[in-house]
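The values are calculated or read from the model by the stated rules, or taken from the named source; none is laboratory data. Owing to the predicted nature of the structure, the values given are computational and were not obtained by experimental measurement. Counting neighbours? That spans all protein chains shown, and the Cβs are built from the backbone with ideal geometry, glycine included. Please note that ligands, DNA and RNA were not included when accessible areas were found on the heavy atoms of the full protein model with its side chains. Shrake-Rupley method; radii C 1.70, N 1.55, O 1.52, S 1.80 Å.
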Amino acid sequence: MSEQNAAYLSKREQQIMEVLYARDRASANEVMEALPDSPGNATVRKLLRILEEKGQIEHVDERGVFVYLPKVKKESAAKGALNKLVQTFFGGSLRDTVATLIDSDDRNVTDAELDELRLLIEQARQRKGS
């Protein structure tokens, strides 16, 4: 499987990953019960196999029941997904990404958040030695 296909997750695959990150581990039945719109058992099991093929999860056999666990840390998966989004929608521009988040009509950016962003920018400058 190509690296690009391994990194891409469908909406349902993302939902499954969210369940596994929230619970740390779950059987196929537990995943199925936690998903919105109750997909069928066969669908969930197929998606779990696909996620295993992509290297996102692994399973262990606990008394005859497969229990699935995230193989990729949540923080690492989040960084990968965010990087893909920034590349896809903002041409890799950090400035355009942040500007869109700050200028969004859907968000009310607080002064505290802006202060935190300023601090993060200052820390990044110090790490770069500027």
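Here the sum of -39500 (n - 2.57) over DSSP H runs of 4 or more residues, divided by the residues of the chain, equals -20000 deg cm²/dmol at 222 nm, to the nearest 500.
The mean sequence distance of close C-alpha pairs (under 8 Å, at least 6 residues apart), as a share of the length of segment 17-130, puts its relative contact order at 18 percent. Taking only protein heavy atoms and a 1.4 Å probe, the accessible area of the chain is 50% carbon and sulfur.
Mean separation of Cα pairs under 8 Å and 6 or more residues apart, divided by the residue count, gives segment 12-74 a relative contact order of 37 percent. Accessible area of residue 105 (1.4 Å probe, protein heavy atoms only, ligands and nucleic acids ignored): about 150 Å². For the residues 62, 30, 52, a GNM of the chain with alpha-carbon springs under 10 Å puts the largest fluctuation on 62. For the chain, list the DSSP H helices whose alpha carbon atoms reach 20 Å or more along the long axis and whose average Kyte-Doolittle value is -0.5 or above? Long hydrophobic helices here: 74-90. Result for the chain in a Gaussian network model with C-alpha springs under 10 Å: among 29, 108, 83, the largest mean-square fluctuation is at 108.
Ranking 102, 89, 50 by Cα position along the charge dipole of the chain, where only Lys, Arg, Asp and Glu carry charges on their C-beta atoms, puts 50 farthest toward the positive end. What does the C-alpha gyration tensor say about the overall shape of segment 89-130? Classify as rounded when a/c is under 1.5, otherwise prolate if a/b is larger than b/c, or oblate. Taking the square roots of the gyration eigenvalues as a ≥ b ≥ c, segment 89-130 is oblate. Magnitude of the charge dipole for the chain, about its Cα centre and with charges confined to Cβ atoms of Lys, Arg (+1) and Asp, Glu (-1), is about 500 debye.
So which aspartates and glutamates pass the test for residue 128, namely a Cα distance under 19 Å, with those fewer than 8 places away in the same chain ruled out? Answer for residue 128, where 19 Å is the Cα cut-off: 116, listed by chain and number. For residue 85 and residue 29, the FRET efficiency from 1/(1 + (r/R0)^6), where r spans their Cβ atoms and R0 equals 30 Å, is about 0.40. Where a ≥ b ≥ c are the square roots of the eigenvalues of the C-alpha gyration tensor, would you call the chain rounded, which needs a/c under 1.5, or, failing that, prolate if a/b is larger than b/c, or oblate? Prolate, because a/c is 1.5 or more and a/b exceeds b/c. For the chain, the solvent-accessible area of protein heavy atoms averages 74 Å² per residue (probe radius 1.4 Å; ligands and nucleic acids excluded). Projected label points at residue 94 and residue 71, each 7 Å from Cα along the beta carbon direction, are separated by 3.1 nanometres.
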